[in-house]
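The values are calculated or read from the model by the stated rules, or taken from the named source; none is laboratory data. Keep in mind that this is a model prediction, so the values were computed, not measured. Cβ coordinates were reconstructed from backbone atoms using ideal geometry, including for glycine residues, and neighbour counts include every protein chain displayed. Heavy atoms of the whole protein, side chains included, go into the accessibility calculation; ligands, DNA and RNA do not. Shrake-Rupley method; radii C 1.70, N 1.55, O 1.52, S 1.80 Å.
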Amino acid sequence: MPYRPAMASRYLRHMVLTASIWLARGGGLLQPVGTAAPDSRVFETAPAPHQFVPIHAGTLDGPKATNKFWTNWAVASGTELPIFPMPYALKLSSAGSRGLQVSHGDQVPTYSTQAGDVSKVSHYMTPFVAEYAIGAVESTQAPSIVNESIFGIHAQLGSSESPNRKITYPIFSGMAYVTGRFQGGFTPQITSDRAITLVERLKDGIWRFRNNGGVEFRIYALSESGEFVDASFDFDAGGPLKGLQKQCAITRFFSLHISRIWGCT
C-alpha cells in the first residue's frame, strides 16, 4: 500500500485522542486498556495443543511476554537453545550441574569458494562455545523462570534434596556481569567447554580464570552484605569454591559475578 500522509495523520490523531481519553479516565501509560479475552470472531483461539508449548514458567501466573530475547527459554522447543542478552550469549541447563553457560567468542568468517571471488566474505558466524559456566557441585533440578519484567528475567535452578537450595540468575539485556546468586548450601563451581589453564586469586574475592582458547574472565565472589569474601575462600583446580559451606551456614546467601577481560595473550 502506498504511503498516504493524510491517512497517517488521521491514524495519529486517533491514537493521540484515544490515549488522552484513557489518561483522563485515570489510566496510566503502562496500565493495560483491558484484560478481557478478545472477540473470538476477530481473533481466533489458539490451536490445541499450543503451537509453542510454554515451559519453565515456575510460579509465574498470567500472560507471558513474547518477542523477547529470553523467549527460547520460555517455550519447550527452545530449552536447549541460547539466548542473546548481549554482549553474552547464554545457555541454561541442569545437566551435569553445568548451570549458566557463557559464550563470548570471536567472529568466524567464511570466504567465498567461487573462482575469482576468494577474497570476499560470504558470511560470518559466532559459534556458541561455553567459555565458562556458573553452576554447582551438587545436582540441580530443571530450570525455571521465577521473575519476569519488561527488560529481563530471573532464572533459577533448584535442588531435589532441599527446597532452600537455589541458584538465581538475573538476566538483563546489556548486562556487564553474568551473576549467580547461591542460597541454601550449593557449592559454586566454574566449568568450561575448553581446558582451564589458569586459576589465580588476584585478591580476596577476585580470581582470574583463563582457558586454552586464550579467553580470560574475572570471577568476583560477594557475601550478602555486598563485600568481597575473605582469604578463607578459594577455588581449587577443579573449579569448586572451597569454604562456601561455612559462609552459607551463616548468611544463606552468596553471589558470583563473571566478566570477560579483553586483550589477553
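With a cut-off of 10 Å between beta carbons, the residues surrounding R194 carry a summed charge of -1, where Lys and Arg count +1 and Asp and Glu -1. Near the amide H of T191, within less than 5 Å, lie the amide hydrogens of A133, G135, all on another chain or at least 5 residues away, with H placed in the peptide plane.
Give a quick list of GluC sites (Glu not before Pro) in segment 160-235 that DSSP marks as loop, anything other than H, G, I, E or B, with at most 11 other Cβ atoms within 10 Å. Don't skip to the answer; put the middle values down first.
Values: sites: E161, E200, E216, E224, E227; in loops: E161, E224, E227.
Listed in order of number, the matching sites are E227.
Each of Y220, Y169, Y124 has its accessible area taken with a 1.4 Å probe; listed largest first, they run Y124, Y220, Y169.
Legend: residues T79, T197, sorted from most to least accessible area (1.4 Å probe; ligands, DNA and RNA excluded), read T197, T79.
All other residues with a Cβ under 15 Å from the Cβ of T71 taken together, and with Lys, Arg as +1 and Asp, Glu as -1, what is their net charge? Don't skip to the end; give the middle numbers.
Working: positive: K64, K68, K91; negative: E80, E148.
Spelling it out: positives minus negatives among the neighbours equals +1.
Taking 17 Å as the straight-line reach from the Cα of K203, the aspartates and glutamates in range (excluding those fewer than 8 positions away in the same chain) are E216, E227, D230, D234, D236. Full extension of the segment from D234 to R201, taken as 0.36 nm per residue of separation minus the current Cα-Cα distance, would add 11.1 nm.
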